[in-house]
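Here's the structure, in structure tokens; my notes come after.
The values are calculated or read from the model by the stated rules, or taken from the named source; none is laboratory data. This structure is a prediction, so every number in the text was calculated from the model and none was measured. For neighbour counting, all protein chains shown are included, and Cβ atoms are generated from backbone atoms with ideal geometry for every residue, glycine included.
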Amino acid sequence: MSAARPAPTTTAWQWARLNLFGSIADSVLTVVAAVLFAWFVWNAFDWAILRADWFGETKEACKSGGACWAMITARWQQVVAGYYPEAHLWRVALAMVCLAIAVLPVIKRDMPAWAALLAPAGVIASIAVLGGANILPSVPTDYWGGIMLNVLVGLTGAIFALPIGILLAFGRRSDLPIIKGFSIGFIEIVRGVPLITLLFMSSVVLPLFLPTGMNLDKLMRALAVVTLFSSAYMAEAVRGGLAAVPKGQREASHSLGLGLLQTTGLVVLPQAIRISIPAIVNTFIGLFKDTSLLYVIAILEVTGVIRQALSDFAWLGLENEGYVFVAFVFWVACFSMSRWSASLEQQSGKTVKRVEEPA
Amino acid sequence: MARGGFMQRMGGVRGLAAQGALVLGLVLLAVWLNHNAGTNIAARGIATGYDFMGREAGFNIDQHLVDYEPTDTYTRVFLVGALNTILVAVMGIVTSTIIGLTAGVMRVSKNYLGRLLATTYVEIARNTPLPVQILVWYNLALLAPPPRTAWGADGLFFLTNRGVYLPQFNLNGLADFAIWGGIAAIVAGLFLSSHFRKQRTEHGTGASPNWGWAFAIGGFVLAYLLTGNPTGIDVPHKSGFGFTGGFTMSPALMALWAALSFYTGSFIAEIVRGGLQAVAKGQGEAARAVGLNDAQALRLVILPQAMRVIVPPLASQYLNLTKNSSLAVIIGYPDLVAVFAGTSLNQTGQAIETLALVMLFYLACSLSVSAFMNWYNARSAVWAVSR
Amino acid sequence: MSAKQPAAKKAPAKPQARPELGPPCVEIEGVHKWYGDTHILRGVDLSVRDNEKVVILGPSGSGKSTLVRCVNGLEPYQEGKIKVVGVDLGGGAKESAVAKRKTGMVFQQFNLFPHLTILENCTLAPMWVLKTPRKQAEEEAMALLDRVHIAEQARKYPAQLSGGQQQRAAIARSLAMNPEIMLFDEPTSALDPEMVGEVLEVMTEMANAGMTMMVISHEMSFAREVADRVIFMDEGEIVEIAPPSEFFSKPKHARSKEFLSRIL
């Protein structure tokens, strides 16, 4: 009987033969792609990092021909927090901490059930801190802006959209015709129109439907609309998870004597949420990207801040730097979240297997 | 089929009570909102109703696929805007599908660089917001040379920062005949080519399908020549500081088209990749075992099965692209939202009516896509996906 | 294993004179294969002659499936040489493609193309690879489907057939390419017991008609009746090769004895 030998190592040349030059067409593609890729990456790196100017007060400080990031560093306060008063920027930091706490139950596994309440509590706390809530000096929402606002709107929208979405998902599966009809109607109408029309609606139409004299903040109105918009997509994400929970789960808990509400809350819903997490995170990524659209109704999130900076006479002609920066900010956030979601999917795959194997 | 909803098991009386409560709540809400709206509208002196649709619009629209004058009505404005939306949506759907298919297949190819390129493209396009991508492309479009130093060939096309100038077919008199004759020749040629190919496969011998192509091209050229070029096509010529003749694609349209194509293309690439990977591995092995090469295996065995998984989310993406075209307003392309929910809304002040009409348009598109998906799923339930 | 075999499933009566064994058509020399870090095939040497029927037995993980897939070109191997009808599979792409076409493969999971009818399954490769005209391809396919006794299912889709019918259709599909060597990777393992017999019957008829066959199977009756040689593999190498009469009654190696005691 022969013993096992360790595998022979593939040399770089063999790997290249197989993966890069498998056929003539392959080889041509490899060479062309390699040249293009290398040229592009080198030039981009050179422009953005090597020759870039990082600090300065006006465009004159950027003489080297590379990227002029000075526009962004000079205005970093606006980029981060919009027109929030400088003396109160510490509140922005505190609000971000509150939001981090709000996200905790999602990121950290094995938290007690009551931790789920941290999410809405954290969000409300951060809004209170930013606005003042009669305890701190009031800062009207018109002054809020920058990246802070994207994060705030994104997280607030998602955290409140999820419970609404869950209710809608249940409503859609219900046998009661009116509830089912209402859920389907709401979901299909909200998913069938572009977000920008809903934002226009929040900005122009909603004030008409509120009692005379009642003035809701423009940001709050936009937030409400964004939440309702996202809830329809969350509903679809959760619906998939609900359908994926095996029928046997309900049968088992029923035979154990658990009532309907208990079955749903303790057995079905946790499993459904766990299964839907990739879809839920995808919906959140979409929502976060959509916050970029708020500048169209004059809410100055980071895209709006950069657009304003670009129209400043001192910084003419820096569109490339501005848009690359905004794109980069979103890209970092969205890419990280999608990687995290992919790793969750892999993990949850393991969890499901563990549940189904015999003891 | 057991349902999971807790509402379902609530039994007769409780179920009726819940529904009754919902209906009551909705009705009360509607009454309250209506009352508020009534007072607010009266207080601000805004008109109501759809009479404004018959009024003169009084503003210009740069791009109109049908005739339009500022003296036309708001109804005409709606039509022009809707056509502009449909135009950019159709263009976007075609190119995004091509880009997405290519990138999706490259994502699973054997070539490492191909995979790397495709992955880089998908991960960048998917994770940056579409408004930002549109702004980037618009910026690029404006980098084209000004009309004086335009890039292109006189009589053919020009690329400038004011737009792309292309030949435009003018259907008049003989040219009409030429165009239709040419199209007929192409269609006949396609049929001939396919007929010859069938004959070849069935009987082993016969005319080469290439004769069909020759007929198509020859017929088209003949029809074209018979009527002479100048009457048939309006071509762009340089004239003074600008251009005369031809059809203009504005930088806004080009930018919107490019942004929508690359953005949606990245999602389509992921859908195609998922579809290809969903086909059981054994299918590829069986195809190779029976002698098909890689390209044949992909085309004859894997892709047809992958389509079942690909088409429903693909239709969804097409719908998303159509809705995303509403972002045209940020770069001034006159789509439906821009001319109707934008300019018209501002001029008439009738926000509720204009927004409602615009939303109805998109809802109609969305419901058509849903209907199509239901039809497609029913039709392809004939054969089950392999084990 | 023996508990699984119902009585009604015996292979048909002994055949008349079998065709003479010809020159070697599959030559495996010193083949080593690694999958990642696992050493799956550890120096396999085997020569299969024309018209010979060879049955490969062994516990799971012994590498028998991998070996057969290497012969078909589905798996690469790192060391050694495999020659099919005299052509080195590791040589030029064109020649090895021709050689690979001379082998047909029947899978455990059938792998019929679900979006095509049974007839289309059998005509696809002849039309696209051999450029056979459609009419001729269909005639030949119908003859093959008749041979495996499912001619009446020709216009149906695979999902509408039973497991046994599907596997027979898969056999017909491989035969449509006129292979010289047929490889079987546990062809009946995925079938319900009452359908195993009809597939084994078709395989036995094929054997009697003179096809060179390499079969991985747990069906001992088939090995006893049809095989010229039985090959026992364990842990990546061939432990024993013997005619079935010898192997089943007087195995030479301890491992063979242990394996047989577990399954018989």
Task: Options C:ALA169, C:ALA190; residue that is outside any helix (DSSP H, G or I) and touching a residue at least 12 places away in the same chain (Cβ under 8 Å) - done: C:ALA190
- [ ] Scan region C:114-128 for residues that are part of a loop (DSSP other than H, G, I, E, B) and modelled with pLDDT of 90 or more and report the count.
- [x] 1
Open item on the list: I want to confirm something. Restricting to region C:27-58 and keeping residues that are within 14 Å of another protein chain (Cβ to nearest Cβ) and assigned to a loop (DSSP other than H, G, I, E, B), which single residue is surrounded by the most Cβ atoms within 10 Å (Cβ to Cβ)?
Closed with: C:GLY58
- [ ] Inspect region C:192-199 for any residue being within 14 Å of chain B (Cβ to nearest Cβ), buried (at least 20 other Cβ atoms within 10 Å of the Cβ) and farther than 26 Å from A:ALA3 by Cβ and give the result as yes or no.
- [x] no
Task: Verdict on A:GLY181 being closer than 19 Å to A:ALA232 by Cα, surrounded by 14 or more Cβ atoms within 10 Å (Cβ to Cβ), more than 9 Å from chain B (Cβ to nearest Cβ) and small (Gly, Ala, Ser) - done: yes
Task: Count of residues meeting criterion [closer than 30 Å to A:GLU345 by Cβ, buried (at least 19 other Cβ atoms within 10 Å of the Cβ) and among the small types (Gly, Ala, Ser)] in region A:117-136 - done: 3
Task: Count of region A:253-278 residues which are free of Cβ contacts under 8 Å to residues at least 12 places away in the same chain, more than 11 Å from every other protein chain (Cβ to nearest Cβ) and in a helix (DSSP H, G or I) - done: 2
Open item on the list: Quick check on this structure: which one of C:VAL71, C:VAL85, C:VAL98 is under 30 Å from C:GLN165 (Cβ atoms) and aliphatic (A, V, I, L, M)?
Closed with: C:VAL71
- [ ] Could you list all residues from region C:194-218 that are touching a helix residue (DSSP H, G or I) at 6+ places or on another chain (Cβ under 6 Å), within 26 Å of C:SER47 (Cβ to Cβ) and not aliphatic (A, V, I, L, M)?
- [x] C:THR204
Open item on the list: Among the residues that make up region C:129-142, is at least one of them under 30 Å from C:LEU57 (Cα atoms) and either among the β-branched types (Val, Ile, Thr) or part of a loop (DSSP other than H, G, I, E, B) (or both)?
Closed with: no
TODO: Within region C:39-61, track down each residue that is among the polar types (S, T, N, Q) and at pLDDT below 90.
DONE: C:SER60
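Can you report the number of residues in region B:353-383 which are of a type in the set (Gly, Ala, Ser), over 18 Å from the mean Cα position of the chain (by Cα) and at pLDDT 90 or above?
Restricting attention to region B:353-383, the residues satisfying the condition of being of a type in the set (Gly, Ala, Ser) are B:356, B:364, B:366, B:368, B:370-371, B:378, B:380-381.
Keeping just the survivors that are over 18 Å from the mean Cα position of the chain (by Cα) gives B:356, B:378, B:380-381.
Right, trim to at pLDDT 90 or above and you get B:356.
The qualifying residues number 1.
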Task: Residues located in region C:242-260, provided they are surrounded by 14 or more Cβ atoms within 10 Å (Cβ to Cβ) and either closer than 14 Å to C:PRO59 by Cα or hydroxyl-bearing (Ser, Thr, Tyr) (or both) - done: C:ARG255, C:SER256, C:PHE259, C:LEU260
Open item on the list: Here's a check for you: in region B:50-98, which residue that is of a type in the set (A, V, I, L, M) and touching an Asp or Glu at 6+ places or on another chain (Cβ under 7 Å) is modelled with the lowest pLDDT?
Closed with: B:ALA57
Task: Counted residues, region A:207-223 - those being among the charged types (D, E, K, R) and surrounded by fewer than 16 Cβ atoms within 10 Å (Cβ to Cβ) - done: 1
TODO: Could you list, in sequence order, all residues of region B:75-89 that are over 15 Å from B:LEU321 (Cα atoms) and touching a Phe, Trp or Tyr at 6+ places or on another chain (Cβ under 8 Å)?
DONE: B:ARG76, B:VAL77, B:PHE78, B:VAL80, B:GLY81
TODO: State yes or no: is A:VAL281 in contact (Cβ under 8 Å) with a residue 60 or more places away in the chain, within 13 Å of chain B (Cβ to nearest Cβ), touching a Ser or Thr at 6+ places or on another chain (Cβ under 8 Å) and in a helix (DSSP H, G or I)?
DONE: yes
TODO: Among the residues of region B:267-282, count how many are surrounded by fewer than 23 Cβ atoms within 10 Å (Cβ to Cβ) and assigned to a helix (DSSP H, G or I).
DONE: 11
- [ ] Could you look through region A:157-200, keep only residues that are of a type outside the set (A, V, I, L, M, F, W, C) and closer than 30 Å to B:ASP335 by Cβ, and pick out the one that is nearest to the chain's Cα centre (by Cα)?
- [x] A:GLY157
Open item on the list: With the requirement that a residue be assigned to a helix (DSSP H, G or I), touching a residue at least 60 places away in the same chain (Cβ under 8 Å) and among the aliphatic types (A, V, I, L, M), what does region B:30-54 give you?
Closed with: B:ALA37
Open item on the list: Could you tell me how many of the residues in region C:203-239 are surrounded by fewer than 22 Cβ atoms within 10 Å (Cβ to Cβ) and either acidic (Asp, Glu) or part of a helix (DSSP H, G or I) (or both)?
Closed with: 12
TODO: Determine the pairs where a residue that is within 7 Å of chain C (Cβ to nearest Cβ) and under 13 Å from C:ALA97 (Cβ atoms), located within region B:277-298, has a partner that is part of a helix (DSSP H, G or I) and basic (Lys, Arg) with Cβ atoms under 7 Å apart, the partner being 6 or more residues away or on another chain.
DONE: B:VAL290/C:ARG173; B:GLY291/C:ARG101
Task: helices (runs of 4 or more DSSP H) contained entirely in region A:1-116, each with at least 1 residues that are buried (at least 17 other Cβ atoms within 10 Å of the Cβ), among the β-branched types (Val, Ile, Thr) and modelled with pLDDT of 85 or more - done: A:70-74, A:76-81, A:89-107
- [ ] Sort out which residues of region C:172-185 are surrounded by fewer than 20 Cβ atoms within 10 Å (Cβ to Cβ) and either of a type in the set (Phe, Trp, Tyr) or on the phi > 0 side of the Ramachandran plot (or both), and write them in order of number.
- [x] C:ASN178
Task: Selection from region C:102-121 of residues that are surrounded by fewer than 24 Cβ atoms within 10 Å (Cβ to Cβ) and more than 7 Å from chain B (Cβ to nearest Cβ) - done: C:LYS102, C:GLN108, C:LEU116, C:THR117, C:LEU119, C:GLU120
Open item on the list: Please go through region B:115-154 and give me each residue that is among the aromatic types (Phe, Trp, Tyr) and modelled with pLDDT of 80 or more, ordered by number.
Closed with: B:TYR121, B:TRP137, B:TYR138
Task: Pairs, first under 19 Å from C:HIS115 (Cα atoms) in region C:137-162, second among the charged types (D, E, K, R), C-beta under 6 Å, six or more apart - done: C:ILE150/C:ARG168
TODO: Return yes when C:ALA169 is among the aliphatic types (A, V, I, L, M), within 21 Å of B:ILE302 (Cα to Cα) and crowded, with 18+ Cβ neighbours inside 10 Å and no when it is not.
DONE: yes
TODO: Determine which single condition C:PRO19 fails, assuming it passes every other condition in (1) in a loop (DSSP other than H, G, I, E, B); (2) modelled with pLDDT under 80; (3) under 30 Å from C:ASP192 (Cα atoms).
DONE: (3)
TODO: Sort through A:ASP217, A:ASP175 and tell me the only one that's within 12 Å of another protein chain (Cβ to nearest Cβ) and among the charged types (D, E, K, R).
DONE: A:ASP175
